[in-house]
Amino acid sequence: MVQHPPLHFAEKTPPGGSLAAAARQAQVAALNARYRHHAATDVLRGAIHDAGRIALVSSFGADSVVLLHMVAVTDRDLPVIFVDTGMLFTETLVYQQEVAERLGLRDLRIIHADAGRDTDGTLHRRDPDACCALRKTRPLQAALEGFDGWITGRKRFQAGSRAALDFFEVEDGTGRIKINPLAHWAVEDLRTYMEENRLPRHPLVARGYPSIGCAPCTTPVTPGEDPRAGRWRGQTKEECGIHFVNGRIVRTGTPT
Ligand code: SF4
């Protein structure tokens, strides 16, 4: 990998900090230009080198083991954040423990969402956006305090809303960098990587779940369906894309 001088990041964007926001946008554009033709591992190393304090946010879902493995061989001490919404499949919780132990992740941070007012666990039926905000977005944003950016496992092929996904982007509302090293990967790339590195698959994949979220909001998909068709099936919702802007919850369409 070619070593580049670090791109220094501006201070965290203050509310209304248009100059800082513009600087952050320029930095992300420079990172995208720099790493445009690089492999996922180079993007990951570059992010660790160039993007300040970063963490991997992992759902320990269907393909998560790929990025978790890349982190383990690149920097085992990189913080890995896992949000336990309290609504996950038991299989996910067991898989999370097995994978973290096998890969030797040294800074795994398990965030247990406070169900707050959803004591009976039915909010997802009445208001899934509010449920995702309560159980996912809010705990994640709290866990990311102090970080300049975070690594996601999102890929272009997963949904139409991700078709133009870049390696680096600015997160609405927080000004953090979102890093997507696998943005250009296809299903075959993931499968090949897992086979070559003999990585364990989430057990629900073999039962028809190519994308795995919370148990009440995930169903299997049939052959030929969009891999994410089983997420919030029957609803217009595609992402957990709830963000906080100036203290208010907004639906941005940007996935978390
Ligand atoms: S995916 Fe469903 S259960 Fe999980 S936080 Fe979102 S609405 Fe709630």
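Here, each number is a calculation from the coordinates, and none is a lab measurement. Since this is a predicted model, take the numbers as computed values, not measurements. FYI the Cβ positions are ideal-geometry reconstructions off the backbone, even for glycines, and counts take in every protein chain you see.
Backbone amide hydrogens, once placed in the peptide plane, bring residue 168 within less than 5 Å of 180, excluding anything fewer than 5 places away on its chain. Rounded to whole numbers, the Karplus 3J(HN,Hα) couplings from phi for the stretch 190-197 are 5, 4, 4, 4, 5, 5, 5, 9 Hz, using 6.51 cos²θ - 1.76 cosθ + 1.60 with θ = phi - 60°, and x at Gly and Pro. Computed over neighbours whose Cβ is under 13 Å from that of residue 75, the net charge equals +2, Lys and Arg +1, Asp and Glu -1. Each listed q (0.12 Å⁻¹) maps to a log10 I(q)/I(0) for the stretch 18-251 from the Debye sum over equal C-alpha point scatterers, namely -0.67.
Charged side chains reduced to their Cβ positions (Lys and Arg at +1, Asp and Glu at -1) give the stretch 49-175 a dipole of some 240 debye around its Cα centre. Using amide H atoms built in the peptide plane, which far-off residues or other-chain residues are under 5 Å from residue 176 H to H? HN-HN under 5 Å from residue 176: 171.
Whole-Hz Karplus values for the stretch 109-121 come out as 10, 8, 9, 9, 5, 7, 5, x, 6, 8, 5, 8, x Hz, taken residue by residue from phi with 6.51 cos²θ - 1.76 cosθ + 1.60 and θ = phi - 60°; glycine and proline positions read x.
Across the stretch 77-86, rounded Karplus estimates of 3J(HN,Hα) from the backbone phi angles (6.51 cos²θ - 1.76 cosθ + 1.60, θ = phi - 60°) give 8, 5, x, 10, 9, 10, 8, 8, 6, x Hz, Gly and Pro being marked x. Each Cα pair under 8 Å and six or more residues apart adds its separation to the average, and for the stretch 114-212 the resulting relative contact order is 19 percent. Diffusion coefficient (Stokes-Einstein, Kirkwood radius over C-alpha pairs, 25 °C, 0.890 mPa s) for the stretch 101-160: 174 µm²/s, rounded to a whole number.
Each residue in 87, 70 was given a count of other beta-carbon atoms within 10 angstrom of its own, and listing them fewest first yields 87, 70.
When 136, 178 are arranged by Cβ crowding within 10 Å, least crowded first, meaning fewest neighbours, the order is 136, 178.
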